[in-house]
1. Indicate the gyration tensor shape class of segment 21-148 (rounded, prolate or oblate), computed on the Cα atoms with a ≥ b ≥ c the square roots of the eigenvalues: a/c under 1.5 is rounded; otherwise a/b larger than b/c is prolate and the rest oblate.
2. Amide H to amide H under 5 Å from VAL25: which residues, 5+ apart in sequence or cross-chain, H placed 1.01 Å off N in plane?
3. Mean separation of Cα pairs under 8 Å and 6+ residues apart, divided by the residue count of segment 21-148: what relative contact order is that in percent?
4. Ranked by Cβ crowding within 10 angstrom, fewest neighbours first, how are LYS55, LYS43 ordered?
5. How much length is gained on full extension from SER88 to SER21, taking 0.36 nm per residue of separation minus their Cα-Cα distance?
Amino acid sequence: MEFNIIQLRKIYMKNHSSVHSWLNVAVFDGFAAGEALRALLAKEGFVVRIHDERKLQRYWFLVPPQAGIYVQTPKDSLGAVQKFLDESAEARMLLRDSIRCPSCHSPNVQYPQMTRKFILPTIFAHVLILLRIMEPDCYCEDCHYEWVRSPRTHPTSAPLKPT
């Protein structure tokens, strides 16, 4: 069976298009908190994963890692996961440490507020941060609110490897 390049690309996109269908359930500073929520959701039969963005924050965005552990679920199961999180006392306990937008309480938070899609705006933002014209803030993808987290929540040396 022979495939041409277009067929191979279609097969690849079909198998890897799920990358864009994962949605945030919660965002954490540390791996242990995210893993505890992931394990609880997996135990309940939900499909979940952890996306770790701390290396990207530290080495590309040049900021101390925070809000870099994303617990994610596929788009089609988000409603069921949210319902479980609202009803489960254990899940509510685990979500106490999660980072949410102070304006709309969404878990779709990014730190720093730089884009992950294009390189030029990120380089421009690096220059502004180096010149101390701009500070790295948290950014809500839902309501576009930006805020600075309090100094006590800024980890000084967050470990990059899971604990």
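1. Working: a/c = 2.19, a/b = 2.08, b/c = 1.05.
Because a/c hits 1.5 or more and a/b exceeds b/c, segment 21-148 counts as prolate.
2. VAL71, GLN72, THR73
3. Details: 211 pairs, mean separation 33.6, N = 128.
Relative contact order of segment 21-148: 26 percent.
4. Numbers: LYS55 12, LYS43 8.
Lowest count first: LYS43, LYS55.
5. On the way: separation 67, 0.36 × 67 = 24.12 nm, distance 2.48 nm.
Result for the pair: 21.6 nm of gain on full extension.
Every number here is computed from the coordinates shown, using simple stated rules; none is lab data. Not measured: the values here are computed from a predicted model. Every residue, glycine as well, gets a Cβ built from its backbone with ideal geometry; the counts of neighbours run over all protein chains shown.
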